[in-house]
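Read through the structure below, which is laid out as structure tokens, and then see the notes.
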Amino acid sequence: MTHLLSQLWRPALALTIAVALPTPLIAWVAQTQHGVIGVQAALIAALLCWGSSLGALTLIVMYKQTPFGLHAALAGIGLRTGLPLVIGAFLKQADGPLAQAGVFGMIMVYYLLTLLVETILAARLLQPAANVSKAS
């Protein structure tokens with residue numbers, strides 16, 4: 001468990017910062033257009049996409065040194081993509097206050113942001129370590 005946390009904390013922090021930075025602006029715009037429910041929609045979208053991407057990164061870290069590394073990366077893609085799209089489609093179809101506040105559109109904004117950041121982080125995690133010392 002300690003090994004997992006030691007490898008995951010930096011990517012998790014970078015992902016958290018990437019999601020947290022635009023959130024006040026997105027929440028402010030949503031609040032001016034839809035009131036408090038707009039802020040709730042923005043926070044739901046941010047947390048949903050952040051959690052999905054963090055789950056994908058966790059899978060990569062857990063299995064990158066095993067024969068199942070590629071499978072974990074593909075499962076992470078499914079998690080990162082599937083969860084936000086399914087929940088977003090469900091909320092849009094429910095046609096409640098969150099749908100009226102544009103939660104699906106906000107999920108798509110956060111999805112694209114987390115897709116970019118998580119892809120860069122995953123590529124760095126999967127990159128083989130550079131051989132620092134060469135035997136003479």
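The values are calculated or read from the model by the stated rules, or taken from the named source; none is laboratory data. Source: prediction; values computed, not measured. Heavy atoms of the whole protein, side chains included, go into the accessibility calculation; ligands, DNA and RNA do not. Shrake-Rupley method; radii C 1.70, N 1.55, O 1.52, S 1.80 Å.
A few remarks follow.
- Taking a ≥ b ≥ c as the square roots of the Cα gyration tensor eigenvalues, the range 1-53 comes out prolate, since a/c reaches at least 1.5 and a/b is larger than b/c.
- A straight line joining the Cα centroids of the range 108-124 and the range 1-67 runs 10 Å.
- Counting only protein heavy atoms and a probe of 1.4 Å, the accessible surface of the range 8-131 is 74% carbon and sulfur.
- The alpha carbon gyration tensor of the range 39-136 gives principal lengths a ≥ b ≥ c with a/c of 1.5 or higher and a/b greater than b/c, which makes the shape prolate.
- Taking all protein chains into account, the per residue accessible area for the range 9-136 stands at 59 Å² (1.4 Å probe).
- Helix runs (DSSP H) in the chain reaching 18 Å along axis by Cα, Kyte-Doolittle at least 1.6: 36-63, 103-126
- Shape category assigned to the range 84-124 from the gyration tensor of Cα positions, a/c cut at 1.5: prolate
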